[in-house]
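Quick notes on the structure that follows.
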Amino acid sequence: MNKAHGSRRDSKASTIINPDYRKVRPAGLLGQRALLVVLSENLFGQAFVLSEARSLLGRGSGCQIMIEDPLISREHCVIGYDDRGCYFLEDLGSKNGTVLNRKTLSRKAALHYGDRIVVGDTILRFLLEERIDRK
């Protein structure tokens with residue numbers, strides 16, 4: 001733990017975790033590509049690259065992000081980006097809802113680096129591509 005800055009840094013990773021804010025923040029420059037990483041035991045470590053303007057998440061075979069979780073609807077939510085390149089999350093009227101950072105979604109919400117998404121019994125972390133900042 002770095003006492004001067006109140007953050008912990010893993011020497012092998014480029015992510016800084018600040019326990020004072022309980023937020024994950026990048027150590028380098030952010031790119032435009034995004035990634036969802038599963039943190040729950042059902043698919044722990046599985047990652048989904050968000051390569052389309054709109055990615056449908058659900059149990060259905062037509063979903064770009066297909067997760068086998070009985071509490072996830074066939075078409076549960078959508079993750080996408082707008083014409084400015086800002087990512088968003090929107091629930092599609094799913095039976096069990098979508099939770100973003102401990103708040104149930106009632107409308108489309110902006111996504112930021114490190115956001116925690118819960119769908120059914122599955123926990124996901126939203127990450128953006130990082131680049132090394134060299135001077």
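The values are calculated or read from the model by the stated rules, or taken from the named source; none is laboratory data. Model, not experiment: these values are computed from the prediction. No Cβ is skipped: glycine too gets one built from the backbone with ideal geometry, and neighbour counts run over all protein chains shown. To get the accessible areas, we keep the full protein, side chains included, count just its heavy atoms, and leave off ligands, DNA and RNA. Shrake-Rupley method; radii C 1.70, N 1.55, O 1.52, S 1.80 Å.
Highest average first, the peptides 74-80, 109-115, 50-56 ordered by how many other beta carbon atoms sit within 10 Å of their residues are 74-80, 109-115, 50-56.
Please report the projected area of segment 26-98's Cα convex hull averaged over all directions, in nm². Don't skip to the answer; put the middle values down first.
Numbers: hull surface 22.6 nm².
Mean shadow area of the hull around the Cα atoms is 5.6 nm².
Surface composition of segment 60-135: carbon and sulfur atoms hold 46% of the protein heavy-atom accessible area at a 1.4 Å probe.
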